[in-house]
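**Q** Questions regarding the structure given below will be posed in turn.
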Amino acid sequence: MPDPGPGSVSSVPSAIPTLTRPRSNHMLLRHTITLLMRGIKTSITTHSILRIAYFANPAHNLSPHIPRVHRQPRLFRTMTPSPSDPIVEALKEYTTCDVSDALCKLKFPNGGFLSGLTMWSPQRQDGPTKIVGPAYTVKYQPKDDPAPKHPTHYIDSVPAGAVIFVSCPPKTPNACYGGLMSTRAIASKAVGSVIDGRLRDLQEQRDLNYPIFARDVGTAPPQEILKVTAVNVPVKLQTDEQDIIINPGDYLIGDLNGVVVLPRELAEKALPLMAAQVAADSKMAVEIEKGMTFSEASKRFRS
């Protein structure tokens, strides 16, 4: 029988109806203790009753040995490199669309947008999750590629404040990133991961409340067909739609709109453009709400 969630007793059999609709957690606990003291024989085992009481009121730790099915969600830490990067701090004020607008003005292809990479954790394309940080790149290649395997595991060298970018060969059915990678990434104070391929252990990732953007999900691990050949090297986005390179240290920004790469050498030029664009758009929105046409507002505030 699966573990009941916190405060939930919906899986309790009808043999003890008083436990199915308790007016409070304290009443549930009192009923449970009474049953145990009287030694009532029911279809529920003593172990199950203990589990019900424990999950209904975790403050009363009746059995610390009872495991949960999923890890408890964690409060997500402030996504700040250490020491703080002023460009990262400035970028936190802008959306990926703002970054792309600025990059388009600088003639960077597609405004730095990385097509096909969407949010999978902590939610599927929902919520205010945003990641900003320098890229720490990981390159997977087919197992039979002549390039030697990287001598150490990439996840143990992630710097604090980084966004992990994992590059996998296109059309790979196996996942190349799992739950333990995120557990280690959190310990290293990474701010999120972008997987140019498939991830797995999706519920575990969400329980960790760790931000992940990816192409899709899978179930099989990568070792069967892939190996890591390089870390912190330039990697190409694995798509036919674009010809774009992610370099180590380039800024990666991810939110509900998708993922954008901001080349490090363009960051100082792009930030003032973002500020000007956002200010102009705010003025346009006010005037459009008053009845001004878009064309007129655009001419007044953007030209």
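**Q** Residue 251: net charge of surrounding residues, Cβ under 12 Å, Lys/Arg +1, Asp/Glu -1, itself excluded?
**A** Net charge in that neighbourhood comes out at -3.
**Q** Find the relative contact order for the stretch 86-261 and round it to a whole percent, using C-alpha pairs within less than 8 Å whose residues are 6+ positions apart.
**A** Details: 409 pairs, mean separation 59.9, N = 176.
Computed value for the stretch 86-261: 34 percent relative contact order.
**Q** Listed highest first by mean packing, meaning other Cβ atoms within 10 Å per residue, what order do 221-231, 285-295, 134-144 come in?
**A** Peptide ranking by packing, descending: 134-144, 221-231, 285-295.
**Q** Under a plain spin-label model, where a point goes 7 Å from the Cα along Cα-to-Cβ, how far apart in nm are residue 298 and residue 84?
**A** Once both label points are built, they end up 3.8 nm from each other.
**Q** If you take every DSSP beta bridge fully contained in the stretch 86-261, what fraction is antiparallel? Give it as a percent rounded to 5.
**A** Within the stretch 86-261, antiparallel bridges account for around 55 percent of the total.
**Q** Sum up the charges of everything whose Cβ sits under 13 Å from the Cβ of residue 260, counting Lys and Arg as +1 and Asp and Glu as -1, but leave residue 260 out.
**A** Working: positive: 130; negative: 98, 101, 250, 255.
Residues near residue 260 contribute -3 overall.
**Q** Considering Cα pairs under 8 angstrom that are at least six residues apart, work out the relative contact order of the stretch 198-303 and quote it in whole percent. Provide the component values of the computation, followed by the final result.
**A** Working: 71 pairs, mean separation 14.6, N = 106.
Relative contact order comes out at 14 percent.
**Q** Starting from the Cα gyration tensor of the stretch 118-172, take the square roots of the eigenvalues, sort them a ≥ b ≥ c, and report rounded, prolate or oblate (rounded when a/c is under 1.5, otherwise prolate if a/b is larger than b/c, else oblate). Don't skip to the end; give the middle numbers.
**A** Numbers: a/c = 3.32, a/b = 1.60, b/c = 2.07.
Oblate, since a/c reaches 1.5 and b/c is not below a/b.
**Q** I'd like the distance separating the alpha-carbon centroids of the stretch 174-211 and the stretch 128-144, in whole Å.
**A** Going from one Cα centre to the other spans 11 Å.
**Q** Further question: Can you order the peptides 123-132, 207-216, 184-193 by their average number of other Cβ atoms within 10 Å per residue, highest first?
**A** Descending packing order for the listed peptides: 207-216, 184-193, 123-132.
**Q** Can you tell me, using C-alpha contacts under 8 Å and at least 6 residues apart, the relative contact order of the stretch 77-158 as a whole percent?
**A** 24
Each reported figure results from applying straightforward, stated rules to the coordinates on display, with no laboratory input. Quantities reported herein were computed from a predicted structural model and do not represent experimental measurements. When we count neighbours, we look across all protein chains shown, and the Cβ atoms used for this are built from the backbone with ideal geometry, even at glycine.
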